[in-house]
Each structure stands twice: as C-alpha cells, then as structure tokens.
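Have a look at the structure below, then the notes.
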Amino acid sequence: MSGLPRKISRGGVAPDINVTPLVDVVLVLLIIFMVVAPRLDQDVQVELPGVFNPDPEVKNQVDPLKVSVARTGEIYVGDEKLDLDGAIAQLAAEHAADPYRRLILRADAGLKYSQVRDLFAKAQEVGFPGIGLQVGERHRAGQAPAAPPAEAAPASADAPAPEAG
C-alpha cells in the first residue's frame, strides 16, 4: 500500500489507513508486558544461595508454607512481616491447622548462618514433617544449565540443624 490516497471512479478520494504506527505501538507494549509480567509474581526480595546439583522438582499435593528471611533479618511468614516469636506462633497455628503441610525456609545468601539457625531450630520444634531449604541453582564456570529452572528447587532438610557459628 502506498501512502497516497486512492481515487474512486466518481472522483472522490477513499481514505487509506496506515496501520504501521499501530503495529509498532502494540509490539512495544507486548515487549514491556513480557519483561514486567514475570516480576509481578515474586515474593519478598531474597537472594538465595546456590547449589551445584539441585534435586529434581517434586510436585506436592499441598502448597508448602513459605518463611522468608530478608537480608535485613526481617522474617516473613507468607507475605506477613513478623518478629521471631510472632513467626513461631504463626507457624504453630499453621501446623495445628494442617499437620502434614511442609515448610519452605528461604533466607538471603548474605545472612550469617546463626541468623537463620535460630528460626530453623524453633520451626523444627513446632513439629513440621519436613523443612525444605530453598536455594538457587549455581553453575560451574563454562558449564551451561541443563534446563531453565522454573523456580528455585527446595533442598530437603529433615535432619536437625547442625551447630555452627
């Protein structure tokens, strides 16, 4: 199509719509939404420590309860910010409501182990059937990932927390 108007046999001019700017705007909006949409589903911003050989993703029947510890030491149960005692009380209530529900502990890689150990030990005392430590996948230099991870895989940690400083 040319940008010139077409002549109608009676001498009138027929309008010619140029859709190129419309297509350009739609494509830019599509790219913007493709970049922004994955970020809308994120929880508390936590930089997870990585592992070289993650366990394969296991689909549980019940969604596990997520506990996050941010770099500043703030504790979140789900999306609710609590102190250590409040978090343990919330976990005890959740465990009483569903004793078979698993717990996923997410902690920022910049935290000291002692900052996470107290929460981990008290969560074990509540009686969850298993506590998973969620980590990111790490790759050795020059090695490509096997498959793009959909979400960081939880590593099982059913044994008692080791004592370390």
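Just a few scattered comments:
- Residues of segment 34-57 classified as surrounded by fewer than 10 Cβ atoms within 10 Å (Cβ to Cβ) and either touching a Pro at 6+ places or on another chain (Cβ under 9 Å) or at pLDDT 70 or above (or both), total: 8
- Segment 108-139, subset surrounded by 15 or more Cβ atoms within 10 Å (Cβ to Cβ) and touching a Pro at 6+ places or on another chain (Cβ under 8 Å), residue modelled with the lowest pLDDT: Glu137
The values are calculated or read from the model by the stated rules, or taken from the named source; none is laboratory data. Source: prediction; values computed, not measured. Neighbour counts run over all protein chains shown; Cβ positions are idealised from the backbone, glycine included.
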